Amino acid sequence: MNLNGLPYVIEPMQLRDVAEVMEIERLSFPSPWSARAYRYELQENNLSHYLVARPQRPLARKEPGFWARVQRSLGVTASPEVNILGYGGFWLMAGEAHISTIAVRPEWRRRGIGELLLVAMLELAVELGGDLATLEVRVSNVAAQSLYQKYGFAKVGLRPHYYRDRGEDALIMTTKRLTSAAFQSGFQRLKAELRQKLVERFPAQSQEVLDLPSPSTVP
Ligand SMILES: CC(C)(COP(=O)(O)OP(=O)(O)OC[C@H]1O[C@@H](n2cnc3c(N)ncnc32)[C@H](O)[C@@H]1OP(=O)(O)O)[C@@H](O)C(=O)NCCC(=O)NCCS
């Protein structure tokens with residue numbers, strides 16, 4: 001997805017990101033993964049693909065205080081400067097992109113970053129030859145289910161007592177074929193709407209500071 005003119009970048013997760021990922025992980029999940037599990041995913045698991053959403057640093061350096069202003073304008077009541085706003089990952093196995101995790105820093109939620117990460121993962125899965133995407137989600141996790149449903153994931157099954165911490169059931173949710181016209185027509189529309197939403201929320205004076213094309217000139 002084209003992120004020109006926006007204050008976010010999506011990049012592969014690096015080993016040096018694990019400490020900050022763990023901060024978000026602990027704030028996001030009742031049974032967080034360990035740092036060791038993330039290091040395994042990054043260093044040893046050839047099937048895994050992990051991405052992070054970061055603030056746009058190089059541009060921010062052009063003006064001190066840039067991020068403080070962006071945060072104020074976006075209504076983020078955080079926080080010290082951060083390097084990671086959210087992350088997500090999937091395993092690609094036999095053409096199936098199995099989304100293993102997605103989380104956004106709590107104070108940055110409801111600003112399109114989870115959606116941006118999901119879009120980036122689905123785009124990468126297609127690029128790598130993935131045929132469909134699937135995942136498990138807690139039956140109580142309405143926010144995540146709503147995100148997945150928006151992107152065409154349908155409930156296809158249940159894994160009883162899947163989560164050991166509370167014995168909660170997992171819903172299995174799966175997309176249509178990622179390259180099918182049925183999936184792609186909705187996906188392209190949602191991507192365009194997301195970009196528009198992010199551009200509108202990003203303050204105009206900050207776009208000037210970034211010295212990037214104005215939203216109206218960016219496709
Ligand atoms: C799920 C999660 C990643 C969503 O991230 P986010 O950045 O807040 O989501 P976005 O702002 O991109 O929202 C995109 C869509 O998700 C859905 N959504 C997100 N938060 C929601 C909420 N609290 N209630 C209902 N729907 C919600 C909506 O459909 C929304 O689309 P809309 O803006 O058109 O209504 C975030 O809530 C999170 O980190 N949760 C904790 C970790 C977790 O549960 N991960 C999922 C594991 S399966």
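The values are calculated or read from the model by the stated rules, or taken from the named source; none is laboratory data. What you are looking at is a predicted structure, and each value in this text was computed from that prediction instead of being measured. Here the Cβ is made from the backbone with ideal geometry for all residues, glycine too, and neighbour counts use every protein chain on show. Ligands, DNA and RNA are excluded from the accessible area calculation, which covers all protein heavy atoms including side chains. Shrake-Rupley method; radii C 1.70, N 1.55, O 1.52, S 1.80 Å.
Side notes on the structure shown:
- Of the residues G114, G65, the single one that is at positive phi and open to solvent by 10 Å² or more (accessible area, probe 1.4 Å) is G65.
- Annotation: R111 fulfils all but one of (1) touching a residue at least 24 places away in the same chain (Cβ under 8 Å); (2) out of contact with any helix residue (DSSP H, G or I) (no Cβ under 8 Å at 6 or more places or on another chain); (3) of a type outside the set (S, T, N, Q); (4) in a loop (DSSP other than H, G, I, E, B); the unmet one is (2).
Residues are listed down the side, and each one gets a yes or a no for (1) surrounded by 16 or more Cβ atoms within 10 Å (Cβ to Cβ); (2) under 21 Å from Q145 (Cα atoms):
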| site | (1), (2) |
| --- | --- |
| G167 | no, yes |
| T179 | no, no |
| S185 | no, yes |
| R189 | no, yes |
| L194 | yes, yes |
| E200 | no, no |
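- Selection status of E136, more than 6 Å from the ligand (Cβ to nearest atom) and either of a type in the set (D, E, K, R) or part of a loop (DSSP other than H, G, I, E, B) (or both): yes
- Residues satisfying the stated conditions in region 6-34, i.e. assigned to a loop (DSSP other than H, G, I, E, B) and more than 13 Å from the chain's Cα centre (by Cα): L6, P7, Q14, F29, P30, S31, P32, W33, S34
- Within region 156-165, not a single residue is part of a helix (DSSP H, G or I) and either within 12 Å of the ligand (Cβ to nearest atom) or touching a Ser or Thr at 6+ places or on another chain (Cβ under 6 Å) (or both).
Residue-by-condition table, conditions (1) surrounded by fewer than 21 Cβ atoms within 10 Å (Cβ to Cβ); (2) of a type in the set (A, V, I, L, M, F, W, C):
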| position | (1), (2) |
| --- | --- |
| I102 | no, yes |
| E123 | yes, no |
| S140 | yes, no |
| Y148 | no, no |
| V156 | yes, yes |
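- Of all residues in region 14-26, those that are within 15 Å of the ligand (Cβ to nearest atom) and either of a type in the set (K, R) or touching a strand residue (DSSP E or B) at 6+ places or on another chain (Cβ under 8 Å) (or both) total 4.
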